[in-house]
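Note sheet for the following structure.
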Protein chains: 2
Amino acid sequence: MTVAYDGTDFGGFQVQKDGVRTVQSEMEGVLYQLYQQKVHVECSGRTDAGVHARGQVVHFDAPDNRLPGDRIKVAFNSMLPADVRVNSVRRAPPGFHARFSATGKEYRYKIWTGPVLPPLLRNQRWHHRAGLDAALMREAATHLVGRHDFAAFAANPGYSLGPTVREIHAISVQRKGHDLEIRVRGSGFLHKMVRSIAGGLAKVGRGDLSPSVIPRLIEAGKRDGCVPTAPAQGLILWSVFYGLPITDTLP
Amino acid sequence: MTVAYDGTDFGGFQVQKDGVRTVQSEMEGVLYQLYQQKVHVECSGRTDAGVHARGQVVHFDAPDNRLPGDRIKVAFNSMLPADVRVNSVRRAPPGFHARFSATGKEYRYKIWTGPVLPPLLRNQRWHHRAGLDAALMREAATHLVGRHDFAAFAANPGYSLGPTVREIHAISVQRKGHDLEIRVRGSGFLHKMVRSIAGGLAKVGRGDLSPSVIPRLIEAGKRDGCVPTAPAQGLILWSVFYGLPITDTLP
């Protein structure tokens, strides 16, 4: 299934112990209604509280074949709250797994650079009052593209880390009026990696970090105070790729 | 002052008896902090619960000249909740009144015509699943332009009505992907008039009302069941004009 959500009122995608509202719990609630039993939902990658999704991908093992995809989609969209929607449902090939079968992902990070953040965008933008030099940000981004150890752009120490090598296929930085959008496409992402990239690029854009420092940060292979994590609400999981050719150009 | 707000969590612009949250009460709360006395805020026209504004105009009589406009703007934006923002503040000419000095207004009404309403737009669109024929809607709109008695497009009977003659300068209907936007510019508007126009045009667009019926509805001069009121969340008060030439072309 492809799933879109407004992350504002969710404590992230994944079910949590303290009973906070999550996308997964809403979806599993619908599946319980449909199949009268607990059906587990697996996503392509968890999103944190406040992070949005346009094309999250989710799979579940249907207990039976009673319901066709279209019927499941309609059922979800009539039972889910309006801040989560199912855009498509189809039968997956045997062995498909939303997370392990994914070959790549695209995230977008949006920054509002105008003096006043429009109220209707307040949960969907990082409001960054300082001017940002997009050309400097693009220069810094070229150093991030490729296969690297991204430990310097992963969540802070203390968070348990596995292997930290990932491949970024493309990054673009585009300005449209007061909006500045960073698009990042890659094989996979560490926890808070896109928000750390956005935070680092913004620091470059306002002149507080030279683009040439990026290779040294990557080289160092550990997080330091120099890379801030941009706030959750500017981030959107745009799409997940499965075995399709991944282009290294971004519009 | 020009003011933008997300109408979702407000019971409209105007202060109400039952203490519901309103834009006016938030703004007067800030003015009380600034001037240590009750200062009344007057707007160009009330908006209903759920209706948004990009360019609402508001005036107040400052008790003193201590604070320059820029300082007032900063004070408002630091004290207001994030769903209301002040975009500009300037000293008005003597006798200026946000409502009585206004010579025209533009409203926009947005309809989502795709099968699934994106969660991030859920409070900013009317979700209209049936296909809408924009050409038919434009034809119907031509009959609304001009100086007419708009009683047929005003709030339902029971609501006290004054004179119901208004002038519409221009209406445009534009499609962009799944979005359909109706822009209406006019001298002034009756209560729920733009939402009634949007409801009527949508009915035309889905083939349930002929464009040629519009002149007869206007002629009849009273509301009948044939014109539905479109829901509040699709509407945005776009801008208010003061003495500036009003063009009759809309992009």
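At-a-glance table
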| quantity | calculated |
| --- | --- |
| Unmet requirement for A:Leu67, which otherwise passes all of (1) under 30 Å from A:Ala155 (Cα atoms); (2) at pLDDT below 95 | (1) |
| Hey, B:Ile168 buried (at least 18 other Cβ atoms within 10 Å of the Cβ), of a type outside the set (Gly, Ala, Ser) and over 23 Å from B:Leu121 (Cα atoms) or not | yes |
| Selected residue [more than 14 Å from chain A (Cβ to nearest Cβ) and modelled with pLDDT of 95 or more] from B:Gln16, B:Gln56, B:Gln37 | B:Gln37 |
| Residue check for A:Gly7: more than 14 Å from every other protein chain (Cβ to nearest Cβ) and under 20 Å from the mean Cα position of the chain (by Cα) | no |
| Any hit, the stretch A:172-184, residues being surrounded by fewer than 16 Cβ atoms within 10 Å (Cβ to Cβ), part of a loop (DSSP other than H, G, I, E, B) and away from chain B (no Cβ under 14 Å) | no |
| Matching entry among A:Asp133, A:Asp83, A:Asp70, A:Asp149 (being surrounded by 18 or more Cβ atoms within 10 Å (Cβ to Cβ), among the acidic types (Asp, Glu) and in contact (Cβ under 8 Å) with a residue 12 or more places away in the chain) | A:Asp83 |
| Subset of the stretch A:59-86 [farther than 19 Å from A:Thr22 by Cβ and either facing chain B (nearest Cβ under 10 Å) or in contact with a His (Cβ under 9 Å, 6 or more places away or on another chain) (or both)] | A:Asp61, A:Lys73, A:Val74 |
| Scan of the stretch B:114-143 for residues that are farther than 27 Å from A:Phe10 by Cβ and of a type in the set (Val, Ile, Thr), ordered by number | B:Thr142 |
| Pairs with Cβ under 6 Å, 6+ apart, first in the stretch B:99-123 and at the interface with chain A (Cβ under 9 Å from one of its Cβ atoms) and surrounded by 19 or more Cβ atoms within 10 Å (Cβ to Cβ), second acidic (Asp, Glu) and assigned to a loop (DSSP other than H, G, I, E, B) | B:Pro119/A:Asp6; B:Pro119/A:Asp83; B:Leu120/A:Asp6 |
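The values are calculated or read from the model by the stated rules, or taken from the named source; none is laboratory data. Source: prediction; values computed, not measured. Neighbour counts run over all protein chains shown; Cβ positions are idealised from the backbone, glycine included.
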